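Input: a single structure, listed below in structure tokens.
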Amino acid sequence: MTDFNEFGLSEPLMNSLNTMGFTAPTPIQAAAIPMALNGRDILGSAQTGTGKTGAFSIPMIEMLLRDETKTALVLTPTRELAKQVLDAIKSMIGNQQNMKTAFIIGGEPYGKQFAMLKKRPRIIVGTPGRINDHLDKKMMDLSNASFLVLDETDRMLDMGFGVQLERIKKHLPAERQTLLFSATMPQEIVQIAKKYLTNPERISMGETNIVAPKIKTEVMRIRHELKHDEMVKQLHERDGTVIIFVKTKYGTEKMAKRLREDGFTADALHGDLRQRKRDAVMRAYREKKFRILCATDIAARGLDVPHIEHVINHDLPQVAEDYIHRMGRTARAGADGSALCFISPADNRKWAEIEKLLGIKSNDNGGQKRSYNKGKGGKGKPFEKKGRWKKTGGPDGRSFEGKKRDDRNTSGDKKKSWGDKPRSNKSSEGGENKTWVKKKQWGDKPRSEGGQKKSWNDKPRSEGKPSGKKFGEAKSGGFKKKQWGDKPRSEGGQKKTWGDKPKSKSQGQGKPNFKGKPKPTQNRKRRDAA
């Protein structure tokens, strides 16, 4: 199919597509639309930015135009993606008055959504959590929803919406058409497809675990504390709109503030923002009112801003698959784009997982450019030293200015490893070489002052007859620390065990025994006997 006219679409829909500038379908649209128009369930996967929204929206609208009794439900993982899908659907509907829509997402007032649902919308677009809320309140009826779309299903599963989808499924009719689309196709998607789809048509366009070929990717290994300064340098060298991915919500706010202090126009986008604020930020970003968007992975999926030219991974994603989706925010609809990834030593494991997903060997970046800071030099030694060497009159003719390094060797001796005992190449004031005392380990057994080996369980000994010293007093006049395993002794030197019974009144009546209870008096004994 090379033209939308070949699909046999209704005239109102064709007029809307022409107005939107849709002339030729993308590969995923050319493969999916005819199958969907024939009533087939579809399991589709393709790279981001290839037109998946049109691949399910066009046949959905056409089927609703053919049968006015049917309704449709579209589920997305995030609010931003739901808003984009709804905007695209509204543009395709055009002036069709009988095709009302409802936007059901979290963060919006319930009253406004109740009003939309009372108008009996034909198309409901929303997120699983808020859809379930309305189903529990009996404010939504899905008994006529004969058309179900699951968009970015892999992301919904990653966000823990599997249980929510199961609850929604119970309210849907058994006889329905389901279109499931995903940017990646892990085994979990195949399993869930068996629950929701009936004899689906499998459509896959290209590899889903590769970055778009028109994205020029640069990888820079750098210490974490140097990332910001290097990023500022890179932003000065690049032109165009930029999106920077940060790991935490607080990190996005902090980075946007620092960039504004550095003279850039920037704002933050994350899940803690109210929906009105999130909409305002995205509206301003699309209108190019600021250049840099600092975002969490909430913007990694489905964010369609055609003028994004650069993607910067300040922090690597927690899930390797999200790397592909981050890259997909640029080079949309066949345009060119670039990406920069900062990799600190703490990111090595995450980067290894990404390379495994992309099928890139550690010594081969698959055509991607590697860039390292100046430092020890050569591949495999990417981290930069702080400071510089200068010529002096020292023993080796030079010294190092900069950050002090405890493991730096300037004496010409063999390089010291961490396990070696420390040595000193300096002399003490008296001329004697300084020696180091070995640090006592937990497992070392203590020794006495005379050099005789003493174990921890040795019992204290006296020098002869009992001297009347208090328990625990050392032989040399000090006081020995009592160990938990030592047995108590009496003051006269006679050994006393824990199980000894308390002695008579003349030997300490009323003193607490070892259990902490006072000894009963003789009168109390007589009273108890009576």
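The values are calculated or read from the model by the stated rules, or taken from the named source; none is laboratory data. These numbers come from a predicted model, not from an experiment. Note: ideal-geometry Cβ built from the backbone for every residue, glycine included; neighbour counts use all protein chains shown. Accessible surface is based on the protein model in full, side chains and every heavy atom, while ligands, DNA and RNA are left aside. Shrake-Rupley method; radii C 1.70, N 1.55, O 1.52, S 1.80 Å.
Could you calculate the contour length gain from Asp239 to Asp3, that is, 0.36 nm times the residue separation minus the distance between their Cα atoms, to one decimal place in nm? Gain in length upon complete extension: 81.4 nm.
May I ask you to derive the FRET efficiency for Arg167 and Lys277 from their Cβ-Cβ distance with R0 = 25 Å, giving the value to the nearest 0.05? Can you show the working numbers first?
Numbers: r = 29 Å, r/R0 = 1.17.
It comes out at approximately 0.30.
Calculate what fraction, in whole %, of the accessible area of the stretch 80-192 sits on carbon and sulfur atoms when a 1.4 Å probe is rolled over the protein chains. It is 49 percent, rounded to a whole number. Rolling a 1.4 angstrom probe over the protein heavy atoms with all chains in place gives the stretch 76-185 an accessible area of 41 Å² per residue. Taking amide H positions as modeled 1.01 Å from N, with prolines and chain starts lacking one, the residues under 5 Å from Phe147 and 5 or more places away or on another chain are Thr71, Leu73, Gln177. Taking the dipole about the Cα centre of the stretch 1-156, with the C-beta of Lys and Arg at +1 and of Asp and Glu at -1, give me whichever of Pro121, Phe4, Ile89 is farthest to the positive side. Ranked along the dipole, the leading option is Pro121.
Close amide H contacts of Leu273 (hydrogens built in the peptide plane, cut-off under 5 Å, sequence separation of 5 or more or a different chain): none are found. Applying the Karplus relation 6.51 cos²θ - 1.76 cosθ + 1.60 with θ = phi - 60° to the stretch 216-223 yields 3J(HN,Hα) values of 8, 9, 10, 10, 10, 8, 7, 5 Hz, where x marks Gly and Pro. Couplings 3J(HN,Hα) of the stretch 335-340, computed from phi: 6, 8, x, 9, 9, 10 Hz, in residue order, whole Hz [Karplus 6.51 cos²θ - 1.76 cosθ + 1.60, θ = phi - 60°; x for Gly and Pro].
To the nearest 0.05, how large is the calculated FRET efficiency for Asn348 and Lys257 if R₀ is 22 Å and r is the Cβ-Cβ distance? It would help to have the intermediate numbers written out before the result.
Details: r = 29 Å, r/R0 = 1.32.
Between Asn348 and Lys257 the formula returns 0.15.
Pairs from the list Lys112/Lys254; Lys90/Lys118; Lys138/Lys277; Lys216/Lys350; Lys118/Lys288 with a Cα-Cα gap above 25 Å: Lys112/Lys254; Lys138/Lys277; Lys118/Lys288.
Which percent of the accessible area of the stretch 315-362 is formed by carbon and sulfur heavy atoms (probe 1.4 angstrom)?
Numbers: 960 of 1890 Å².
Its accessible area is 51 percent carbon and sulfur atoms.
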